[in-house]
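Asker: Right, I'll just put the structure down here and ask away after.
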Amino acid sequence: MPRDTAPISVLCVDDEPGMAELIGTYLERFDDRITATPATSVGEALELVDERAFDCIVSDYDMPETDGLVFLETVRAEDPNVPFLLFTGRGSEEIASDAISAGVTDYMRKESGTDQYRVLVQRLTNAVERRRLSEEARTGREHAEAILEASPNAILVSIEGGCVYANPAAVDLFGAESATDLQGAPVSELFAKADGDGPALDAVADDGTAFEHERLAVESATGPVPVEGSARGITWGGSSAVVYILRDVSERIEYERELEYRRSLLSSTFEGSPDGILVTDADWNIITYNDRFADIWELPEDLLAAGDAELALETAVDRVVDPDAFRESIEEQYRDPERTRHEQVRLEDGTVLDQYSAVARAEDGDRLGFVWFYRDITEIKRLERTQQEAFDRMTDAVFAVDEDWTFTFLNEQAERVLRRDAEELIGRNVWAEFPEAVDTHIYDRYHEAVASGEPVSFETHYEPLGADLEIRAFPSDTGLTVYFRDITEQRRTRWELQETVDAIHDLYETASDTATPFEEKQLEILRIGGEYLDLPYGFVTELSETTQTVVASTGDHELLQPGETCPLGESYCRKTVSSDTGLLAVRNAVEEGGAGDPAFDRFDLGTYIGGKIVVNGRLYGTVCFAATAPRDREFTEMERTFVELLTRWLSYE
């Protein structure tokens, strides 16, 4: 109900016979919202206060048992904010001073006539109204603070450039001991634009404009932390302010660095592969290059033969979208020779090249010059853009429950992950709607958060959804707010990536071992490939116009041992070498029409993947991996690329 019509309960305390009732009668007469309860002693008044709450207390000062100020101290010990008016016939400056010092809400001397009761009514209603307004404001602040405190994002509020609020996530992000350490700090010193182009504070203008999802750098106790930030003008405590919402993107950047590392590892593993390679000395003289380098840059043979790297650079920049940046990256390598550089170069025809350069050293450590690698990564960049767009669209799923575990909120992402509509869940008990979660890790951690009052974060597998979930739960006085997301695909991709990196690393270790004979390295590579692809048979063949001969193999298939031959028309290799890509992958030979094929009838291989080996422009044979049983899943792009890399290495060797 509105505050101006809400009832007001008043306790009137006066030891003079009939005075408490008289005061109460006048109070009720002059304001019909007031209900007065009389008490003729402090003892009786304290009993009434223990029984129920009063909106205001009006008390005499001089009473037999005790005085009004001692009564005030007793009441305030239980309710520090209840309005207390001292209404006494005995008045002096000393009593008034003592009353104010004791914290009395108001002080009035009794006079003759009824007008004094009008004044008393006005004063006590004003006091009650102030208390109610204060309680409403405090409740509103508590609700807002509960939302801010539960947010996993760091949130700062600044007024005139200085921080006035920081939530727990912000305290953690900046490495502060508490929010107090951040209050008053200039926001411009806490974080800046990631590109270094001035403080982020300048991005929020006085007219209320905002920035969204901008890359910033936060200065924490451990050094700069990359964040994605948004800012908007708001009103805070009656003043114009700016709210900053910051999300730590270190993991995202770490993932990007992991992709960069993978490309560098592939480049260093296959230094002798058909990637474009250029070697120069410190004086810009071309020492050597391969044909692939000339093809990529479409540089004429006579220009490269002249050995002038600067002249070759001036010719190449005509094909680059940003020639100034390309020229600067090349010149910077010569200016800072100890630094390894990795750039991406976009050509006018849409091709994207991966450029890797580093200092070349002799065994004794002397610097010989520089080596440059160029690889066409146009398709990789397309896939990365697609992947990045998917990441940009991702947001956390969120739901909230009250203290009775009843749903009070779900966002669209929560509906999608839980496969339930918010409409049918709001107002229902979470454990009744998801009984499979009772007595699970999720159930235990949610109750732990509520019992301790501390947030929890964990990863778990929830079988009813068939999903791996990353969960963060934040308790509050009104219930629990849960942020979660499906990380099933992320875990699978991370596992596949690690498996690929490990296999490539083993391959690199084997290929770079100059002390091991080629035949032994070839067998070790077949073993690595078979283990990576989870296929028992690995073999290298040499092909003539009519015959397939196995030259090396792993596994116990009797027809795939070294020296075994068969007509080319009865081998899988005939399809491998005739394919457009030089790679053949068969998950299930029977389902893919292999039944009745001479190769299937002879070798009985249900699964097969192989690539052709070309030496000096001529077909040599194939490298293949197979199994008798069909495969339960398709070969991934990473697995196909791995086999292609094996064929390139064997071709080079």
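The values are calculated or read from the model by the stated rules, or taken from the named source; none is laboratory data. Because the structure is a prediction, the values reported are computed rather than measured. Ideal geometry is used to build each Cβ from the backbone, glycine not excepted, and the neighbour counts take in all protein chains shown. Quick note on the areas: whole protein, heavy atoms, side chains included, nothing else; ligands and nucleic acids left out. Shrake-Rupley method; radii C 1.70, N 1.55, O 1.52, S 1.80 Å.
Asker: In debye, nearest 20, what is the charge dipole magnitude of the chain about its Cα centre with +1 on Lys and Arg Cβ and -1 on Asp and Glu Cβ, if you could check?
Answerer: The dipole of the chain has a size of about 940 debye.
Asker: For labels at I380 and E591 in the simple 7 Å Cα→Cβ model, what's the distance in nm?
Answerer: Result: 3.1 nm between the two label points.
Asker: Whole-Hz ³J(HN,Hα) for each residue in the stretch 305-322, computed from phi via Karplus 6.51 cos²θ - 1.76 cosθ + 1.60 with θ = phi - 60°, x for glycine and proline: what do you get?
Answerer: Values per residue, Gly and Pro as x: 5, 5, x, 9, 5, 5, 5, 5, 4, 4, 6, 5, 5, 5, 9, 9, 5, 10 Hz.
Asker: So for the chain, averaging the separation of alpha carbon pairs under 8 Å that are six or more residues apart and normalising by length, what relative contact order in percent results?
Answerer: With pairs under 8 Å counted, the relative contact order is 5 percent.
Asker: Tell me whether the stretch 72-136 comes out rounded, prolate or oblate; compute the Cα gyration tensor, take square roots of the eigenvalues as a ≥ b ≥ c, and use a/c under 1.5 as the rounded threshold.
Answerer: Numbers: a/c = 2.56, a/b = 1.24, b/c = 2.07.
Verdict is oblate for the stretch 72-136.
Asker: Oh, and also: Please work out which option in (1) 13, 28, 29, 14, 10, 6, 0; (2) 15, 28, 16, 12, 14, 12, 1; (3) 17, 51, 30, 2 gives P(r) over Cα pairs in 20 Å bins from 0, in percent calculated from these coordinates, and answer with its label.
Answerer: (1)
Asker: Something else: So what is the relative contact order for the stretch 558-653, in percent, with contacts set as C-alpha pairs under 8 Å and at least six apart?
Answerer: Relative CO of the stretch 558-653 lands at 25 percent.
Asker: At 7 Å along Cα-to-Cβ for each site, give me the label-to-label distance between D322 and A432 in nm.
Answerer: About 5.9 nm, to one decimal.
Asker: Is the stretch 512-622 best put as rounded, prolate or oblate by its Cα gyration tensor, with a ≥ b ≥ c the root eigenvalues, rounded for a/c under 1.5, and otherwise prolate when a/b is larger than b/c, oblate when not? Write out the running numbers ahead of the final one.
Answerer: Details: a/c = 1.64, a/b = 1.37, b/c = 1.20.
Prolate shape, in that a/c is at least 1.5 and a/b is the bigger ratio.
Asker: Where does each of 443-451, 358-366 land if you order them by average Cβ count within 10 Å, highest first?
Answerer: Ranked from most to least packed, the peptides come out as 443-451, 358-366.
Asker: Next question, about the same structure. Would you mind getting the accessible area per residue of the chain, heavy atoms of the protein chains only, 1.4 Å probe, in Å²?
Answerer: Numbers: 34100 Å² over 653 residues.
Accessible area per residue: 52 Å².
Asker: For the chain, with the dipole built from +1 on Lys and Arg beta-carbon atoms and -1 on Asp and Glu ones, taken about the Cα centre, which of L11, V438, L22 lies farthest toward the positive end?
Answerer: The residue sitting farthest along the positive end of the dipole is V438.
Asker: Residues with amide H under 5 Å of N290's amide H, sequence separation 5 or more or different chain, H placed in the peptide plane at 1.01 Å from N; which?
Answerer: I277
Asker: Using a Förster radius of 25 Å, what is the FRET efficiency between R633 and E564 based on their Cβ-Cβ separation? Nearest 0.05, please.
Answerer: 0.30
Asker: Moving to a separate point now. Once phi is turned into ³J(HN,Hα) by the Karplus curve 6.51 cos²θ - 1.76 cosθ + 1.60 with θ = phi - 60°, what whole-Hz value does each residue of the stretch 492-497 show in order, with x for glycine and proline?
Answerer: Coupling constants for the stretch 492-497: 5, 5, 4, 5, 4, 4 Hz.
Asker: Let me ask you something else. Can you pull the three principal axis extents for the Cα set of the stretch 396-499, in Å, largest first?
Answerer: 45, 31, 23
Asker: Residue by residue, what Karplus-based ³J(HN,Hα) values in Hz, rounded to whole numbers, does the stretch 96-111 have, using 6.51, -1.76 and 1.60 with θ = phi - 60° and x for Gly and Pro?
Answerer: Karplus values, whole Hz, x for Gly and Pro: 4, 5, 4, 5, 5, 5, 6, x, 5, 5, 7, 9, 9, 8, 5, 10.
Asker: Answer rounded, prolate or oblate for the stretch 54-94, using the Cα gyration tensor with square roots of eigenvalues a ≥ b ≥ c: rounded when a/c is under 1.5, else prolate when a/b is larger than b/c, else oblate.
Answerer: On the way: a/c = 2.05, a/b = 1.64, b/c = 1.26.
It comes out prolate by the Cα gyration axes.
Asker: Follow-up. Mind listing the long-range amide H neighbours of F409? Cut-off is under 5 Å, sequence gap 5 or more, other chains count too, H placed in the peptide plane at 1.01 Å from N.
Answerer: Counting only residues 5 or more places away or on other chains, the set is A400.
Asker: In nm, to one decimal, how far is the modelled label at T546 from the one at T37, with both set 7 Å along Cα→Cβ?
Answerer: Using points 7 Å along Cα→Cβ, the separation is 11.6 nm.
Asker: Could you please state how large a percent of the accessible area of the chain is carbon and sulfur, counting protein chains only and using a 1.4 Å probe? List each step's numbers first, then the result.
Answerer: Numbers: 16110 of 34100 Å².
Ligands and nucleic acids excluded, carbon and sulfur give 47 percent.
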